[in-house]
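The values are calculated or read from the model by the stated rules, or taken from the named source; none is laboratory data. Not measured: the values here are computed from a predicted model. Note: ideal-geometry Cβ built from the backbone for every residue, glycine included; neighbour counts use all protein chains shown.
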Amino acid sequence: MRADEDGTVTLSLEPVMTDLRARVYDRGFTVVDRLPTFDPQFEILQSDELVSAQRYSNALDRAALWLPWAAALCAVVAIAIAPKRMRALSLVGLATAVGMIALLVALAVVRRDYLHNQDIVSPDAAAAVFDTVASSLVSSIRILLACGVAVAVVGYVAGGSRSATSMRNGISQLIRRESEPEVRAEVSTRREVPGPRR
């Protein structure tokens, strides 16, 4: 399946025919070598918007080489110069998560508008093409969303806010309460063991 410069997506059956000829030849039907080779192609859809979508996708692929490093550098500088670094770390993670959610929403809107185009003959085929083109981008956005949420949670829990401090104190007290019965049981066991006879 390939798309040309006019936005026409065609499906070529040439790989299928080549594999079929090889299997028939392996079973002893050598007459297939005398048959002419042909490449049947079927036009799936034609959309002028597909050309612009491919252009934007190629631009995003080129920007993906340096844009994440630039964003990471800006985040590190912002955290380093912030007076409260843990709070800045939490805000950076939260901003990353919000940005990724906005990108997912924007992709969903673009997909809906693209599939509602009147020029598209087969909406199912158009949806398959769009999902194939945007699959790697969506996967990257989801990974960044998860990383942003994790960074925001870590920055919040390790921060110096009252809620974070009370949360850490509550967790510490809970751990102490759970460990106290074990300590008491160990102490009582030691007391019950008789000493050596003199």
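Look at (1) touching a Leu at 6+ places or on another chain (Cβ under 9 Å); (2) closer than 29 Å to Ala88 by Cα; (3) not aromatic (Phe, Trp, Tyr) and you find that Thr165 fails only one, number (1). Looking at Ala95, Ala146, Ala106, just one residue is assigned by TED's automatic domain parsing to the domain that holds Leu60, under 21 Å from the mean Cα position of the chain (by Cα), surrounded by fewer than 16 Cβ atoms within 10 Å (Cβ to Cβ) and in contact (Cβ under 8 Å) with a residue 40 or more places away in the chain, and that residue is Ala95. The helices (runs of 4 or more DSSP H) found entirely in segment 60-177 that carry 2 or more residues being of a type in the set (Ser, Thr, Tyr) are 85-115, 123-157. Quick one: what pairs do we get from segment 8-21, first residue at pLDDT below 75, second assigned to a helix (DSSP H, G or I) and surrounded by 14 or more Cβ atoms within 10 Å (Cβ to Cβ), C-beta under 6 Å, 6+ apart or different chains? Final answer for the pair search is Val9/Val129.
Taken over segment 71-103, the criterion of being of a type outside the set (Val, Ile, Thr) and closer than 14 Å to Tyr156 by Cβ is satisfied by Lys84, Arg85, Met86, Arg87, Ala88, Leu89, Ser90, Leu91, Gly93, Leu94, Ala95, Ala97.
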